Every structure is written in C-alpha cells, then in structure tokens.
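Student: Attaching a single structure in structure tokens format; questions to follow.
The values are calculated or read from the model by the stated rules, or taken from the named source; none is laboratory data. Just so we're clear, the structure is a prediction, and the values are computed from it rather than from any experiment. The protein model used for the area step is the full one, side chains on, heavy atoms only, and it has no ligands, DNA or RNA in it. Shrake-Rupley method; radii C 1.70, N 1.55, O 1.52, S 1.80 Å.
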Amino acid sequence: MLLPPWPCAVHLDIKFDALDLIDVALVEACTDQWYNQTLCKLNDSVVRLGVMQGEYHWHKHDNDDEFVFVLSGTFIIDLEGRSVALSPQQGFVVPKGVIRRTRASKEAVVLMVETAASVPIGDG
C-alpha cells in the first residue's frame with residue numbers, strides 16, 4: 001500500500017452488519033491524521049468513514065466510481081485542472097479513472113461509497 005508519510009490507518013473490515021445501528025462515535029477516538037474505516041456493506045458496495053487532515057497522494061481508481069459526502073469540516077478534491085471544495089452536507093462523485101488528490105487543512109469527516117472491491121488508497 002502506498003500511504004502518506006504521516007499516521008494513516010486503513011481498516012477494510014466491516015464494522016457493522018445489516019440491522020446493526022451504525023454509530024460513528026469512533027470519530028472522537030481517532031488519533032490518526034488519515035483514518036479510513038469500512039462501516040457497512042450494501043449489495044456490492046461499502047460505506048466508509050474517513051477522518052482526515054492533511055494532503056493525500058495523487059491517485060485514481062481504475063474500475064470504480066467513488067462518492068464522497070462531507071459530514072464536518074471542509075474536504076477538497078483536486079482534479080486535473082480544477083479543485084472542488086466540499087462543505088458539510090455536500091457530496092461529489094469522482095468517476096473511475098479520474099486522477100485526484102484529496103486534502104483537508106483541518107480535520108474533515110466524510111462518508112465514502114464505492115464498490116467493495118475498491119482499494120481506498122487507489123490503483124496508481
């Protein structure tokens with residue numbers, strides 16, 4: 001896995017099963033600068049929680065679109081030629097194959113939806 005040079009945790013285990021109450025109180029316990037936890041699976045997709053601060057590397061997902069929805073903070077998605085700044089209650093779809101870098105100058109909490117086969121760190 002290509003990870004940033006600062007504390008980063010990627011948890012691919014599914015934290016909650018169907019019919020479980022999903023409680024993201026784990027945000028308060030997060031000590032990593034870049035934290036990614038798979039919350040649940042639905043059909044062929046997963047919902048992941050991200051608690052992020054700093055700048056992630058440029059990457060892409062060759063086979064999967066990714067939906068990002070901001071719960072708190074400001075989350076910026078840099079694309080080739082433009083940047084999209086997402087505020088709370090805003091979402092954005094990055095199509096498969098599109099190179100992007102994500103960043104947050106202060107802590108941002110986001111939900112991400114992508115296929116279960118998608119590797120959160122990107123394909124290249």
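Student: Mind pulling the per residue volume of the convex hull built on the Cα atoms of the stretch 18-124? Å³ is fine.
Tutor: Value for the stretch 18-124: 96 Å³ per residue.
Student: Let me check something: with ligands and nucleic acids excluded, how do Asp32, Asp20, Asp64 order by accessible area (1.4 Å probe), largest to smallest?
Tutor: Details: Asp32 50, Asp20 75, Asp64 20 Å².
If we order Asp32, Asp20, Asp64 from most to least accessible, we get Asp20, Asp32, Asp64.
Student: On the full set of protein chains, 1.4 Å probe, figure out the accessible area of Ile99 and give it in Å² to the nearest 10.
Tutor: The value for Ile99 is about 60 Å².
Student: OK, next. Going by Cα centres, the stretch 63-115 and the stretch 25-45 are how many Å apart?
Tutor: Cα centroid of the stretch 63-115 versus Cα centroid of the stretch 25-45: 15 Å apart.
Student: What's the percent breakdown of Cα-Cα distances in the stretch 1-81 across 5 Å bins, shortest bin first?
Tutor: 3, 11, 21, 27, 21, 12, 4, 1, 0
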